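Notes for the one structure printed next.
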Amino acid sequence: MAFAKEIHLTDCKYSYRISPKIKKYTLRDTTFVETKIGQYELQRLLEEVPNSNIGFPLKIIVNRELTAFKLNITDQSGLRLVNIFKSPDHKILQDKFYFLMDSLVERGIFEKEEK
């Protein structure tokens, strides 16, 4: 997936875009890790039962210029994209995703828009 200024995951209630207020120190404060090539990466496991290690990895990568990002939710192997919003069975995962993204919106990393 290429870097984009705005991303809307399939069946998600919101689209997310990079905030013009984004700062490098805010990314580090919210546990983004700077990679060797200067990008900022956040990885979380969306799991129904905490500490079960059974869930779907969420990965957010912000480019070094802080102008675009990637956002993926994949299967455990990291090879196939997963749509957690399609089925009501994944309500807990959806809530955890929205909670994480809302915290990043509050910190000025992203802006969200209802779709």
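The values are calculated or read from the model by the stated rules, or taken from the named source; none is laboratory data. These figures come from a predicted structure and were not determined experimentally. Here Cβ is always computed from backbone atoms with ideal geometry, including for glycine, and neighbour counts include all displayed protein chains.
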Asn53, sole failed condition from (1) surrounded by 13 or more Cβ atoms within 10 Å (Cβ to Cβ); (2) farther than 18 Å from Ala4 by Cβ:
(1)
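Can you confirm whether Leu93 is aliphatic (A, V, I, L, M), on the phi < 0 side of the Ramachandran plot and surrounded by fewer than 16 Cβ atoms within 10 Å (Cβ to Cβ)?
On the way: aliphatic (A, V, I, L, M): yes; on the phi < 0 side of the Ramachandran plot: yes; surrounded by fewer than 16 Cβ atoms within 10 Å (Cβ to Cβ): no.
Spelling it out, it is not the case that Leu93 is aliphatic (A, V, I, L, M), on the phi < 0 side of the Ramachandran plot and surrounded by fewer than 16 Cβ atoms within 10 Å (Cβ to Cβ).
To keep it simple, each residue is scored yes or no on (1) modelled with pLDDT of 95 or more; (2) touching a strand residue (DSSP E or B) at 6+ places or on another chain (Cβ under 9 Å).
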{"site": "Pro50", "(1), (2)": "no, no"}
{"site": "Gly55", "(1), (2)": "no, yes"}
{"site": "Lys59", "(1), (2)": "yes, yes"}
{"site": "Lys70", "(1), (2)": "yes, yes"}
{"site": "Ile73", "(1), (2)": "yes, yes"}
{"site": "Gln76", "(1), (2)": "no, yes"}
{"site": "Pro88", "(1), (2)": "no, no"}
Quick check on Thr26: is it in contact (Cβ under 8 Å) with a residue 40 or more places away in the chain, polar (S, T, N, Q) and loosely packed, with under 12 Cβ neighbours inside 10 Å?
no
Filter the stretch 71-104 for residues that are of a type in the set (A, V, I, L, M, F, W, C) and touching a residue at least 40 places away in the same chain (Cβ under 8 Å) and give the result.
Leu71, Ile73, Phe85, Ile92, Leu93, Phe97, Leu100, Met101, Leu104
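Hey, any hits in the stretch 31-38 for a residue that's in contact (Cβ under 8 Å) with a residue 40 or more places away in the chain and in a strand (DSSP E or B)?
Step one: list which residues in the stretch 31-38 are in contact (Cβ under 8 Å) with a residue 40 or more places away in the chain, which gives none.
Within the stretch 31-38, not a single residue is in contact (Cβ under 8 Å) with a residue 40 or more places away in the chain and in a strand (DSSP E or B).
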